[in-house]
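Below: one structure, written as structure tokens.
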Amino acid sequence: MRKSGKIAKIAIAAAGMAGVLAVCGPMAQAAPAGHTAQVSRVTDSAWSSTVGFSGRIVAVNNSSLVLATSNGNVTFDLTQGPSRSGSLQTGLSAYVAAYAQNDTWVATAIFTY
């Protein structure tokens, strides 16, 4: 393989890891009014208003998802068409990136495992 090809593959892998690290940033407290779930603050400036939640999916339909976190259930609006990795099934563990809008969490990305 040519040296430039190896460098390109390394650069692509590094960019992917930077994206994962941006989504899985340090812990912080943030939530819509009246909600006290602990969430991870995303450090990437493009996602500065996005926070992340980890837990187990307890309910899902076309317009919403309910995630059981260590601090209680959190409901997410799915009507904005969030990016998804994996299937949305009850019982699966998930990480949900979301932003607050009108006292509602709107999901932007969902990763199940």
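The values are calculated or read from the model by the stated rules, or taken from the named source; none is laboratory data. Quick caveat, the model's predicted, so the values are computed rather than measured. Glycine gets a Cβ as well: all are built from the backbone with ideal geometry, and neighbour counts include every protein chain shown. These area figures cover heavy atoms from the full protein model, side chains too; ligands, DNA and RNA do not enter into them. Shrake-Rupley method; radii C 1.70, N 1.55, O 1.52, S 1.80 Å.
Identify all residues within region 92-113 that are open to solvent by 20 Å² or more (accessible area, probe 1.4 Å) and on the phi < 0 side of the Ramachandran plot; write none if there are none.
Correct list: Leu92, Ser93, Tyr95, Tyr99, Ala100, Gln101, Thr104, Thr108, Phe111, Thr112, Tyr113.
Condition first: surrounded by 14 or more Cβ atoms within 10 Å (Cβ to Cβ) and either among the charged types (D, E, K, R) or in a loop (DSSP other than H, G, I, E, B) (or both). Now tell me which residues in region 57-85 satisfy that.
Result: Asn71, Asp77, Leu78, Pro82, Arg84.
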